[in-house]
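Reviewing the structure listed below.
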Amino acid sequence: MIPASFEYRRAGSVEQALGWLSEDPDSTKLLAGGHSLLPLMKLRLATPGVLVDVGRVPGLSYVRDAGDHVAVGALTRHRDVEISDVARAHVPLLAHVAGQVGDPQVRHRGTIGGSIAHGDPASDLPAAVLALDGVLVIDGPRGRREVGAGDFFRGFLETALAPDEMLTEIRVRKAPGGWAFQKFNRRAQDWAIVGVAAVVNGGARVALVNMGATTVRARGTEEALAAGAGIAEAAARAPEGLEPPSDLQGSAEYRRHLATVLVRRALEEATAAGG
Amino acid sequence: MQVTVTVNGKTESHDVEARMLLVYYLREVLGLTGTNVGCDTTSCGACTVLLNGESVKSCTMLAAQADGEEITTIEGMASSDGVLHPIQEAFREHHGLQCGFCTPGMVMAIASFLKEHPDPTEAEVREGLEGNLCRCTGYHNIVQAALAAARPGALAP
Ligand SMILES: Cc1cc2nc3c(=O)[nH]c(=O)nc-3n(C[C@H](O)[C@H](O)[C@H](O)COP(=O)(O)OP(=O)(O)OC[C@H]3O[C@@H](n4cnc5c(N)ncnc54)[C@H](O)[C@@H]3O)c2cc1C
Ligand code: FES
Ligand code: FES
């Protein structure tokens, strides 16, 4: 399978990438690791006229201790998040989830920024960033802005990013206390049929993979826990208000059931781990 | 566009289409047909090569993205006098292949994996190969070969 023709440009800086994007934002696409975009281009579901390769823009691959939060450069590859000492120490959920993405080859290429910017409801990292109450740092022709994860994921492959903007940093608050990630799939390298990222420290934040058009929080569960419900009772409310997809991997009904089971397991694990 | 890549230690430079995938550059431009195309959808791992020493699926990378980088394919594993790489030798010894279609990708995936996990458990090997499919062997002997190659001394130069 061969992508449709395009013009390839390699950006040497964020400024250069933004400059090229602004020339024709609607037919220009940034290329980071290429592990979501290239498969779509091979299927000709995406046919950008210009690809701006930001894969080698220097200074955007890092995991940094920034006091009350951890800052991750948008071009940091899944593998580098997975093995980062800073991430493991302060946001172990993020390091763990990065290690659950796809397979080793995918983790050697794919980036956290690409994963977040793509906004795929089946992706694992958006759920982790949502559970960790992350902040996305966005640069563009109108300057820099910061968007909370809760406002960033808008719909199917739709985020708060405008076509002429670039995600440059992902900030996640340090998360002491318990956490868990539950990913249910049929074959090792597969995407989650349903996934759950939970952070428990006093309150609980629970985010779900593949339970809607984009990554979503399990509001029913969170409300129940806040009102003093036990884990089983709160987990039973996980699918409340959600419209999961039906596909070859499972029906919407099956996903609703799976969410209750996986949220229960995640909360039990997070609580046992010190939440 | 002009692409310059070091492949198995040799510098190659060609004018290719921007949309050319790395695997087709290797197979059709350089004639290195050891790297196979199985699924062409990033699933099977048959096209695995090393990019600066790390395993990647060459069907999901543009040749343009490899410009200026180092690629190692299965053809670069045995030494020039024909002595097999220890991972290849372990595959021979442990009967780690049947039809052989997945084998180049498996060998390259294991080379990268063992660099990251020099002393792996069997479970780690199995997880480390989650990106590579084999339709013949049932994986058992591939896992045995990887474990054998990881034994102290096996990978020493
Ligand atoms: C076989 C396979 C299995 C996978 N399994 C999983 C899995 O189990 N879980 C999972 O979560 N993911 C999975 N993935 C997806 C993988 O995580 C991708 O790496 C990730 O979704 C996209 O990151 P990328 O760097 O490759 O982005 P690209 O493909 O380069 O880009 C994706 C999109 O984001 C845009 N973009 C990229 N970077 C930026 C930026 N900094 N600012 C603004 N826009 C940007 C691009 O223009 C494009 O539209 C899998 C992929 C494959 C091929
Ligand atoms: S051909 Fe590349 S993963 Fe199957
Ligand atoms: S030996 Fe035939 S596919 Fe693996």
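Brief remarks on what is shown
- Residue within the stretch B:66-76 that is of a type in the set (A, V, I, L, M), within 16 Å of ligand 2 (Cβ to nearest atom) and under 30 Å from A:VAL50 (Cα atoms) present: yes
- Residues of the stretch B:27-42 that turn out to be more than 13 Å from chain A (Cβ to nearest Cβ), without any contact (Cβ under 8 Å) to a residue 40 or more places away in the chain and either within 16 Å of ligand 3 (Cβ to nearest atom) or within 17 Å of A:MET41 (Cβ to Cβ) (or both), as a count: 0
- On inspection, B:HIS85 does not qualify as in contact with a Gly (Cβ under 7 Å, 6 or more places away or on another chain) and without any contact (Cβ under 8 Å) to a residue 40 or more places away in the chain.
- Identity of the residue in the stretch A:41-52, in contact (Cβ under 8 Å) with a residue 12 or more places away in the chain and surrounded by fewer than 20 Cβ atoms within 10 Å (Cβ to Cβ), that ends up nearest to the chain's Cα centre (by Cα): A:ALA46
- All conditions in (1) away from chain A (no Cβ under 14 Å); (2) within 16 Å of ligand 2 (Cβ to nearest atom) hold for B:ILE110, with the sole exception of (1).
- B:ARG135 passes every criterion in (1) within 16 Å of ligand 2 (Cβ to nearest atom); (2) touching a residue at least 60 places away in the same chain (Cβ under 8 Å) apart from (2).
Conditions tested, residue by residue: (1) away from chain B (no Cβ under 14 Å); (2) within 14 Å of ligand 1 (Cβ to nearest atom); (3) more than 12 Å from the chain's Cα centre (by Cα); (4) open to solvent by 10 Å² or more (accessible area, probe 1.4 Å).
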site: A:ALA128; (1), (2), (3), (4): yes, yes, no, no
site: A:GLY134; (1), (2), (3), (4): yes, no, no, no
site: A:VAL147; (1), (2), (3), (4): yes, yes, yes, yes
site: A:ALA162; (1), (2), (3), (4): yes, yes, yes, yes
site: A:ALA197; (1), (2), (3), (4): yes, yes, no, no
site: A:ASN201; (1), (2), (3), (4): yes, no, yes, yes
site: A:ALA204; (1), (2), (3), (4): yes, no, yes, yes
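- Strands (runs of 3 or more DSSP E) completely within the stretch A:70-184 that count 1 or more residues being aromatic (Phe, Trp, Tyr) and farther than 26 Å from A:GLY250 by Cβ: none
- Verdict on B:ARG126 being more than 12 Å from chain A (Cβ to nearest Cβ), open to solvent by 10 Å² or more (accessible area, probe 1.4 Å) and within 20 Å of B:CYS47 (Cα to Cα): no
The values are calculated or read from the model by the stated rules, or taken from the named source; none is laboratory data. Keep in mind that this is a model prediction, so the values were computed, not measured. All Cβ positions, even for glycine, are placed from backbone atoms using ideal geometry, and neighbour counts span all protein chains on display. Just so you know, the surface numbers come from the protein's heavy atoms only, side chains and all, with ligands and any DNA or RNA stripped out. Shrake-Rupley method; radii C 1.70, N 1.55, O 1.52, S 1.80 Å.
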